[in-house]
Amino acid sequence: MAQGDLPATLPADTTPNAYSGTKLMTYLLAVGATTIVPNTTLTNTTAVAANATSMTISAPSSVAIPSGTVLTFGTTQVTTTAAATVTNAGTAVAIQAAPAAVAANTTATYTNLLEVPIAEESNPTLTDQEETINVHGRITPIRVVNGKDMTASIKTLGGIDDPVVKRLITKGMSISPNNRERILWLYPDGFALLATVNIGAPTRQAAAGSTQRVMVSANLSGGLYWANLNDTTPEWKPVNGN
């Protein structure tokens with residue numbers, strides 16, 4: 001029997017997209033943040049001398065900057081000592097004594113998402129807390145106990161000289177509620193997870209010939225939300241909601 005031609009129409013490819021785990025980003029939210037502030041350019045409008053404790057900063061639109069924010073103007077890092085709302089007209093901002101002079105019109109980038117530097121591991125794990133029974137050889141949930149819980153571990157190669165790592169270590173050395181943080185995990189496929197957590201005591205790993213690591217745990221202590229950034233209008237949805 002003679003063979004026919006190959007079918008002209010090819011079947012649709014159903015192979016899923018693959019994503020690199022190294023592109024997972026982990027952020028701390030600025031203290032007291034009520035909205036997410038994307039990258040915003042701040043401009044030092046007037047020259048600042050070394051050891052100055054105030055500088056005038058402008059922004060394209062009004063942006064709230066909390067106390068303790070570290071801003072890098074060129075190669076100089078300054079730390080705010082009071083909360084301020086920076087406007088387009090320029091706002092006087094109190095800072096710790098500037099470690100070096102900052103020239104006029106030098107810029108810094110501000111966002112209230114503080115990236116955990118070189119996060120070697122960052123793996124939130126969600127679990128279901130349900131009462132189950134064995135039905136026909138299968139574990140079957142019959143009652144929600146505490147809903148969904150979450151634990152996470154974060155390992156970074158950054159040291160205490162990095163302001164974000166310093167904040168994690170400081171929180172980890174405190175007891176509840178002084179060790180509370182709001183953390184955002186952003187996955188490369190567009191999945192986002194937002195959680196209020198308690199930071200556990202830091203574990204430090206260091207050996208000759210090896211780069212040191214700092215690891216902290218993050219255990220759910222408040223709200224847990226997720227979002228799909230591929231949606232037309234992404235929104236935060238409570239994990240334990242209906």
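The values are calculated or read from the model by the stated rules, or taken from the named source; none is laboratory data. Worth saying up front: this structure is predicted, and the values here are computed from it rather than measured. Cβ: placed from backbone, ideal geometry, glycine included. Neighbour counts: every protein chain shown. The area values use the complete protein model at the heavy-atom level, side chains included, leaving out ligands, DNA and RNA. Shrake-Rupley method; radii C 1.70, N 1.55, O 1.52, S 1.80 Å.
Things to note:
- Label point at residue 94 placed 7 Å out along Cα→Cβ; residues across segment 36-62 whose backbone nitrogen lies under 19 Å: 49, 51-58
- Pairwise centroid distance, computed over Cα atoms, of segment 72-134 with segment 1-68, Å: 14 Å
- On the basis of the beta-carbon distance and an R0 of 25 Å, residue 125 and residue 25 show a calculated FRET efficiency of 0.90.
- In the complete set of protein chains, residue-level accessible area for residue 173 is approximately 140 Å², probe 1.4 angstrom.
- Going by accessible surface with a 1.4 Å probe and the largest first, 204, 180, 138 read 138, 204, 180.
- Taken over segment 80-180, the alpha-carbon convex hull comes to 205 cubic angstrom per residue.
- For the chain, the calculated P(r) over all alpha carbon pairs, in 5 Å bins from 0 to the bin holding the longest distance, is 1, 5, 10, 13, 13, 13, 12, 10, 6, 4, 3, 3, 2, 2, 1, 1, 0, 0, 0 percent.
- Translational diffusion coefficient (Stokes-Einstein; Kirkwood radius from C-alpha pairs) of segment 138-240 at 20 °C, 1.002 mPa s, in µm²/s: 137 µm²/s
- Heavy atoms of residue 231 accessible to a 1.4 Å probe, total area in Å² rounded to 10: 60 Å²
- Relative contact order (percent, whole number), segment 1-148, Cα cutoff 8 Å, 6+ residue spacing: 25 percent
- Per-q log10 I(q)/I(0), segment 187-242, q = 0.19, 0.25, 0.26 Å⁻¹ (Debye; single scatterer per alpha-carbon; no solvent): -0.78, -0.96, -1.00
- Dipole of the chain, positive end: most advanced residue of 53, 140, 177 [Cβ charges, Cα centre]: 53
- Ranking of 19, 187 by solvent-accessible surface, largest first: 19, 187 (1.4 Å probe, protein heavy atoms only, all chains present).
- Note on residue 133: accessible area is roughly 80 Å² with a 1.4 Å probe, heavy atoms of protein only.
- Nearest 10 degrees, 0 to 90: helix 163-172 Cα axis against the chain principal axis: 70 degrees
- Extension gain, residue 5 back to residue 240 (0.36 nm per residue minus Cα-Cα distance, nm): 79.1 nm
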